[in-house]
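**Student:** Below are the structure tokens for one structure; questions will follow.
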Ligand code: CS2
């Protein structure tokens with residue numbers, strides 16, 4: 001017998017108070033449960049209109065379910081499920097950008113949340129400034145109907161200003177350092193080019209709190225869909241998978257103080273998110289990327305497979321030892337215990353988080369994940385061999401051939417440029433030199449510092465393979 005389809009009961013919905021841009025698995029597994037808990041505990045009209053910026057898949061899968069879906073928590077000792085029911089609609093921006101602008105312009109929407117990934121900010125990863133040459137930005141400068149995230153934010157804010165309404169708070173939930181400052185900066189730059197008065201209005205009235213978001217969310221597979229059905233007896237076309245752990249630190253700075261009661265839902269509302277961000281971006285995401293490149297090249301499919309290999313378990317501990325002196329722990333946090341907890345989270349065998357998934361978009365991730373650590377270590381006269389090995393592994397990865405001689409499906413906005421550079425190189429030394437010249441990633445002074453240690457590491461990786469290279473560093 002086929003299982004019945006998940007269907008939201010026909011009960012009243014909360015009114016929409018949030019538009020979310022970039023409705024991927026992460027926000028559905030992370031932000032939406034917090035919003036659901038906040039509304040359960042202290043009410044408020046914080047229903048969400050989700051916006052997919054590219055594909056219609058999520059909308060098509062969720063529509064017949066009344067926008068409800070299952071979130072499955074993957075604990076080492078078993079799975080549990082919960083229905084999340086905060087979405088009021090899902091819009092697909094390329095199909096109907098005006099509907100997205102209308103939703104964002106509705107004065108009852110007080111917060112626009114974002115998970116558009118690092119590359120969605122159209123910024124230069126090394127400097128944080130707007131990449132004015134980005135084709136989507138060029139498009140949005142020439143047309144009133146936008147295609148980029150920044151274009152949607154700026155045009156919707158412009159419509160609100162013209163309507164005499166208040167701006168919405170822009171709440172970014174992407175893994176970027178000072179993410180609120182970053183999005184504020186690029187929004188202001190674009191607004192300035194469109195209408196300087198708008199830029200002044202956003203500068204005065206807009207709010208862009210920084211956040212630190214943390215929950216490991218592997219992509220959903222067909223097997224996951226079957227598992228959900230086995231537990232719930234119901235077919236859900238688009239469930240999301242996540243680890244039990246979740247942490248959200250939010251700078252408490254919202255337009256007119258209008259926001260869900262995130263604190264009651266377990267988020268930390270703080271004055272300064274900086275320490276949380278540095279710790280998480282460097283220790284979790286930095287080691288995630290390092291394990292992704294080295295592990296992928298060595299033939300490991302997932303992060304848990306990678307750290308189950310004792311060589312990589314030692315490696316990640318050594319990498320954390322390099323990172324820890326470069327971060328200031330948030331009040332009350334012991335970095336050693338944080339690292340121990342990270343190890344357990346990575347080792348969770350129930351989470352099949354593919355190294356290939358995490359390896360994506362490295363050009364956008366390396367600066368905040370690994371290069372900050374390297375810079376701080378160099379500035380204080382310390383070496384960072386494991387971080388340099390990780391950078392070299394990324395170089396090997398983007399050259400497009402793994403250790404078994406198989407092609408790698410490299411996904412990165414700079415993939416073509418990186419491939420052209422590595423194709424011209426005739427040795428690991430030349431490859432390192434070519435890639436260190438990519439200024440979007442490596443500022444000139446840092447490239448100079450990196451040249452020797454990364455060249456050494458690359459030669460080890462190319463000749464011995466990643467596993468043996470780790471032992472030889
Ligand atoms: C991962 C993150 O895919 C990646 O780059 O490092 O998505 C990571 O799982 C989350 O930031 C955990 O909070």
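FYI, it's all coordinate maths here, none of it is from the lab. Because the structure is a prediction, the values reported are computed rather than measured. No Cβ is skipped: glycine too gets one built from the backbone with ideal geometry, and neighbour counts run over all protein chains shown.
So that you can scan it fast, the table gives a plain yes or no per residue for (1) touching a residue at least 12 places away in the same chain (Cβ under 8 Å); (2) within 16 Å of the ligand (Cβ to nearest atom); (3) within 15 Å of residue 253 (Cβ to Cβ); (4) touching a strand residue (DSSP E or B) at 6+ places or on another chain (Cβ under 7 Å):
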position	(1), (2), (3), (4)
179	yes, yes, yes, yes
194	yes, no, no, no
208	yes, no, yes, yes
213	yes, yes, no, yes
221	yes, yes, no, no
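**Student:** Kindly indicate whether residue 200 is in a helix (DSSP H, G or I), farther than 21 Å from residue 58 by Cβ and more than 15 Å from the ligand (Cβ to nearest atom).
**Tutor:** yes
**Student:** Turning to a different aspect of this structure: Pairs under 7 Å by beta carbon, first residue within 16 Å of residue 247 (Cβ to Cβ) in the range 23-48, partner away from the ligand (no atom under 16 Å from the Cβ) and part of a helix (DSSP H, G or I), six or more apart or different chains?
**Tutor:** So the pair list comes out as 34/265; 37/265; 38/264; 38/265.
**Student:** Report, by residue number, each residue of the range 138-174 that is closer than 30 Å to residue 446 by Cβ and in contact with a strand residue (DSSP E or B) (Cβ under 7 Å, 6 or more places away or on another chain). Can you show your working first?
**Tutor:** First pass over the range 138-174, keeping only residues closer than 30 Å to residue 446 by Cβ: 138, 148-150, 170, 172-174.
Once the filter is applied, which keeps residues that are closer than 30 Å to residue 446 by Cβ and in contact with a strand residue (DSSP E or B) (Cβ under 7 Å, 6 or more places away or on another chain), the range 138-174 yields 149, 170, 172, 173, 174.
**Student:** A further question follows. Going through the range 360-413 one residue at a time, which ones are touching a strand residue (DSSP E or B) at 6+ places or on another chain (Cβ under 7 Å) and part of a loop (DSSP other than H, G, I, E, B)? Show your work before the answer.
**Tutor:** Kept after step one, since they are touching a strand residue (DSSP E or B) at 6+ places or on another chain (Cβ under 7 Å), are these residues of the range 360-413: 400-401, 407-408.
Residues satisfying the conditions are 400, 408.
**Student:** Where in the range 30-85 are there strands (runs of 3 or more DSSP E), lying fully within it, with 3 or more residues that are within 21 Å of the chain's Cα centre (by Cα) and within 30 Å of residue 342 (Cα to Cα)? So that I can check it myself, show each step before the final result.
**Tutor:** On the way: elements: 47-52, 69-75, 78-84.
Per the criteria, 69-75.
**Student:** Select from the range 225-247 the residues that are surrounded by fewer than 21 Cβ atoms within 10 Å (Cβ to Cβ) and within 16 Å of the ligand (Cβ to nearest atom) and write down the one among them that is nearest to residue 269 (Cα to Cα).
**Tutor:** Among them, the one singled out is 247.
**Student:** What pairs come up if the first residue lies in the range 232-254 and is touching a residue at least 24 places away in the same chain (Cβ under 8 Å) and on the phi > 0 side of the Ramachandran plot, the second is assigned to a loop (DSSP other than H, G, I, E, B) and surrounded by fewer than 19 Cβ atoms within 10 Å (Cβ to Cβ), and their beta carbons are under 7 Å apart, counting only those six or more places apart or on different chains?
**Tutor:** 233/3
**Student:** Within the range 300-313, does at least one residue satisfy the condition of being away from the ligand (no atom under 15 Å from the Cβ), under 30 Å from residue 252 (Cβ atoms) and in contact (Cβ under 8 Å) with a residue 60 or more places away in the chain?
**Tutor:** Scanning the range 300-313, I find no residue that is away from the ligand (no atom under 15 Å from the Cβ), under 30 Å from residue 252 (Cβ atoms) and in contact (Cβ under 8 Å) with a residue 60 or more places away in the chain, so the answer is no.
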